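Chemist: Below you'll find the structure I mean.
All of the numbers you see were taken from the coordinates with simple rules; none came from a lab. Since this is a predicted model, take the numbers as computed values, not measurements. Methodologically, a virtual Cβ is constructed for each residue, glycine included, from the backbone with ideal geometry; neighbour enumeration extends over all protein chains shown.
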Amino acid sequence: MAQPFPTKPRRSPPPHVSREMGKLLAALASKSGAMDPRLAADWHEIAGGEIARLCRPVRLKSAGRARSLEVAVANGSAAMQLQYRQAELIERVNRVLGKGTVTRLLIRQTGAAGAKASSGPTYSRPVMPPSLASRDRTVPAAAPSAGLQDALSRMRALIAAREGDPDGGNR
């Protein structure tokens, strides 16, 4: 009977491309100053629900010793709310990326399409500066003017007339 001849051990399979690409892209992002992958992936948990609905991270910028986090917001209201809460956001980001990683916050208004961080409203409640938040007074809503009421009633009449038109108002 013939003796079995020795063979080489079985080769290990190649690494998964996604795992290796993730490591490579994270290294490139940190070298180029682009967005830190942890920040982009876990933005909702890092920033918190209210702040994450207001903005999304764009990139980290360096200028000397100062490192800035650039965020995109949809409108001026969201930018103002974020301005009041910037110290809280910087503290939360530094807790994840390391102390002193971000020293400033740059807020860019990009419109609704550029600031989509999640589905839902762009803001949840108005945020007041601490000096005004301590005063508990409410501002009464302004009554609509007679001119506005007249314009709205004319618009309603035009819409009602077009809905009854078989052409839909196109002639």
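Chemist: How much length is gained on full extension from ARG104 to ALA41, taking 0.36 nm per residue of separation minus their Cα-Cα distance?
Modeler: 20.6 nm
Chemist: So, one more: So how far apart, in nm, are the two label points at GLU88 and HIS16 if each is 7 Å from Cα heading toward Cβ?
Modeler: 3.6
Chemist: On to the next question. List the pair-distance distribution P(r) of the stretch 45-85, using every Cα-Cα distance, as the percent of pairs falling in each 5 Å bin from 0 up to the bin containing the longest distance, rounded to whole percents.
Modeler: 6, 21, 28, 22, 14, 7, 1
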